[in-house]
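K.L.:
Got a structure for you, questions after.
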Amino acid sequence: MNWHTIASIQPPYFDEKSHQNNEKSIQAGLQYLKEALNMGASVACLPEFFNILGVADAEMHKTSQNADLIHNEIRALAAKHSAYIILPLLEEKEGSFFNRAYLVGPDGQDIGHYDKTQTTLSEREYLSVSAGNSVKVFETEIGKIGIVICYDIYFPEIFNELRQQKVDIIFFPSLQRAEHETANESLIKARAMDTQAYLVRSSFGRPINTHWQPGMMFGQSSIIHPDGTVLANAGHFEGMGLARIKLPFEWKKPRCSGYPVQSVRDYLDDDRKS
C-alpha cells in the first residue's frame, strides 16, 4: 500500500461556442494538468470530451480530428512525469465515433481504453456515437483502475460489475450540465460506497473571470473516499482538485450490533442475497 497524489482537472467551459474557446479550454486544461504533475500527482484525470467541448454541435466531428495531436501530448506528459493520465476524447476510428477515455501509463504508452457504454440520446442522434459493449478494469502497479463516463453514473449495474471485479479507484470524466450539485454529490458518494472504491470525477468549471449561478456548468470535480467522504472538490470555477490517498485501500468498519471490525466488501458479499 502506497500514498499517491490524485488530480482531478477542471478546465473552463465558455458560454460562447467557437474554435477559439475550444482551444482556450484545451490549453487551460493542459496547463492545470502540468501544474498538478509538477506538484507530484501520480494519477490525473481530464473531463469528458476534452478535445471538442466549446464548439457548436455541428463542428464537433470536424474538431475531433485534433484527437491524435492531444493524445500524443498527453503521452509525452505521462512519460515525462512517470504518471497515469486518463484522457477522454471524441474520436473517430474505422468510420465510427466513440466517446472514449484512454488510460495512458507512466511509460507514455496506452494501457487501454474504455468506450462509454451508456450513450445519451443526443450523442446517438447528433454525434453518431457508437456505444461500447463492456465494462473494463485495468490492472496497474497502483491497483485496479476502472473508468466510467458521464451518463454511466445513472446505471448501478455498471458499478455492480466494477464492485465484483474489486476495483480500487474509478475515474469518472463527466459533463452532467443538466444536473445540480446536490444530486451529483449524492450519486458520486453512493457509487463510491457501492463499489468500496475511490471515485474521481472530472468536469468543466466556469472561467475564473466570470460569475456562477444555478443552471450554469457547475464544476464540482471531486475525489471521493470509499466511505463516501469528499476528499477534494474543485468548486464552480476552473482549476483542479487534489487529494493524497493510499492505494490499494480496504475500507473496514464494524458490522452492526457490536461485531468486530471487518472488510466492508467482504461482509457485504457475505450478506448479499444471491
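K.L.:
If I filter the range 98-106 for residues that are of a type in the set (D, E, K, R), at pLDDT below 95 and more than 15 Å from Val43 (Cβ to Cβ), do I get at least one hit?
P.N.:
Taking every residue of the range 98-106 in turn, none turns out to be of a type in the set (D, E, K, R), at pLDDT below 95 and more than 15 Å from Val43 (Cβ to Cβ).
K.L.:
For the range 43-76, which residues satisfy the criterion of being in a loop (DSSP other than H, G, I, E, B) and buried (at least 20 other Cβ atoms within 10 Å of the Cβ)?
P.N.:
Leu46, Pro47, Glu48, Phe49, Phe50, Asn51, Ile52, Gly54, listed by residue number.
K.L.:
Those residues that are without any contact (Cβ under 8 Å) to a residue 12 or more places away in the chain, in a loop (DSSP other than H, G, I, E, B) and among the charged types (D, E, K, R), I need them from the range 77-124; list them, please.
P.N.:
Result: Glu94, single match.
K.L.:
When you go through (1) touching a residue at least 60 places away in the same chain (Cβ under 8 Å); (2) outside any loop (DSSP other than H, G, I, E, B); (3) surrounded by fewer than 22 Cβ atoms within 10 Å (Cβ to Cβ); (4) among the hydrophobic types (A, V, I, L, M, F, W, C) one by one for Ala7, which number turns out not to apply?
P.N.:
So the condition that Ala7 fails would be (3).
K.L.:
Just checking, how many residues over the range 17-50 are out of contact with any Phe, Trp or Tyr (no Cβ under 8 Å at 6 or more places or on another chain), under 15 Å from Ile85 (Cα atoms) and among the polar types (S, T, N, Q)?
P.N.:
Matching residues across the range 17-50 total 2.
K.L.:
Among the residues of the range 204-217, is there at least one that is assigned to a strand (DSSP E or B), modelled with pLDDT of 90 or more, on the phi < 0 side of the Ramachandran plot and surrounded by 11 or more Cβ atoms within 10 Å (Cβ to Cβ)?
P.N.:
Checking the range 204-217: at least one residue is assigned to a strand (DSSP E or B), modelled with pLDDT of 90 or more, on the phi < 0 side of the Ramachandran plot and surrounded by 11 or more Cβ atoms within 10 Å (Cβ to Cβ).
The values are calculated or read from the model by the stated rules, or taken from the named source; none is laboratory data. These numbers come from a predicted model, not from an experiment. In this analysis, Cβ positions are derived from the backbone assuming ideal geometry, glycine residues included, and neighbour counts consider all displayed protein chains.
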